[in-house]
Amino acid sequence: MLALTSILVPALKLGGVGLTFGALIALAHRYFKVWVDPRIEGVRALLPGSDCGACGRPGCEAFAEELVSGDVEPAICTNMGLEDREDVAEYLGVAAGEAVKRVARLLCAGGSDVSIDRASYRGHLTCGAAAAVAGGGKGCSWGCIGLGDCEIACEFHAISMNDVGLPVVAPALCTACNDCVEVCPKDLFTVMPIDQRLIVQCKSELEGEQAEALCRVACTACGKCALDAAPGVIEMSRGLAVVDYRRNEEAGPDAITRCPTGAIAWVENGQFAQRAEPAGVMT
């Protein structure tokens, strides 16, 4: 009997403690429970799930929460196709809205066919490592090093290296996630609306023959593009043509016709392509 008591008493005490804590947890759940709109999970299932950040939010979960709260429109996610946006809009009973797809652009056209090397780099084959060694071996210290850090960083396989050592962005695959912008040691990538047509593919601050001696497609700061474009669309700054992208609607292909090197490009349908010198219409 004593042995049975010595077993039952601790068991009852333990059971009582468990019941007490269980009741407290139930009460806490009842009074402190945070209600979550079930539509968030439904919207989350309709989103791409890539967590690319192109919408400006940290991931699809955060974007889904803002969609449900009505703070943003489905079209803000440019990683979704038109039909997917409409599905989200129909699920929430809202308008899909409109947004221009944003893509990464490389501001350099100086591949191995047109630019010179001032040194032979031998070391860890990454742009970051090469840039740390006297800026890399390229003659133009502002130019693309061409070792493909951006291609590796792009999780969406939107970047591939071409045969002259330049990264090429596939707009259809680009989600504007910003990874290439962050990884490039030369700060050569920028993310912009796909309908930006006038783009300067050079960041060299050298002028005239100095710039052209290092790269045949460098901006020489001749200023002809600024003169030929609509007033104020292009300005010369620190030896470089700078486009005011806010005035995209005023930009026209006339700005590239007299460029002596082809440093400034007119993008006809959102896709960069290899071009002849001097400047020509890009398709």
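The values are calculated or read from the model by the stated rules, or taken from the named source; none is laboratory data. All values derive from a computational prediction rather than experimental measurement. Ideal geometry is used to build each Cβ from the backbone, glycine not excepted, and the neighbour counts take in all protein chains shown.
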query: Being assigned by TED's automatic domain parsing to the domain that holds LEU107, at pLDDT below 95 and part of a helix (DSSP H, G or I), is that true of even one residue in segment 163-179?
result: yes
message: Restricting to segment 238-270, and then to whatever is more than 10 Å from ARG197 (Cα to Cα) and of a type in the set (S, T, N, Q), can you tell me which residue is modelled with the highest pLDDT?
response: THR261
field: Tabulated pairs, segment 118-141, first within 25 Å of ARG216 (Cα to Cα) and in the same structural domain as LEU214 (by TED's automatic domain parsing), second in a helix (DSSP H, G or I) and modelled with pLDDT of 90 or more, C-beta under 8 angstrom, 6+ apart or interchain
entry: none
Per-region count, segment 89-117, residues in contact (Cβ under 8 Å) with a residue 40 or more places away in the chain and not basic (Lys, Arg): 16
statement: Subset of segment 88-99, residues assigned to a loop (DSSP other than H, G, I, E, B) and either surrounded by fewer than 18 Cβ atoms within 10 Å (Cβ to Cβ) or within 21 Å of the chain's Cα centre (by Cα) (or both), comes to GLY93, VAL94, ALA95, GLY97, GLU98, ALA99
query: Mind checking whether some residue in segment 74-85 is under 21 Å from ILE159 (Cβ atoms), loosely packed, with under 14 Cβ neighbours inside 10 Å and of a type in the set (Val, Ile, Thr)?
result: no
message: If I filter segment 108-154 down to residues being of a type in the set (A, V, I, L, M, F, W, C) and in contact with a Ser or Thr (Cβ under 6 Å, 6 or more places away or on another chain), which single residue comes out as surrounded by the most Cβ atoms within 10 Å (Cβ to Cβ)?
response: CYS140
- prompt: Of the residues that make up segment 206-228, is at least one outside any strand (DSSP E or B), of a type in the set (Val, Ile, Thr) and within 20 Å of TYR245 (Cβ to Cβ)?
  reply: no
message: under 30 Å from MET161 (Cβ atoms), at pLDDT 85 or above and surrounded by fewer than 13 Cβ atoms within 10 Å (Cβ to Cβ): is that true of GLY59 in this structure?
response: no
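Which of the residues that make up segment 100-118 are small (Gly, Ala, Ser), touching a Lys or Arg at 6+ places or on another chain (Cβ under 9 Å) and part of a loop (DSSP other than H, G, I, E, B)?
Those that are small (Gly, Ala, Ser), touching a Lys or Arg at 6+ places or on another chain (Cβ under 9 Å) and part of a loop (DSSP other than H, G, I, E, B): ALA109, GLY110.
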message: among the basic types (Lys, Arg) and within 23 Å of the chain's Cα centre (by Cα): which single residue out of ARG118, ARG122, ARG85 fits that description?
response: ARG85
Condition met for GLY135 (modelled with pLDDT of 85 or more and either of a type outside the set (Lys, Arg) or farther than 30 Å from GLU61 by Cα (or both)): no
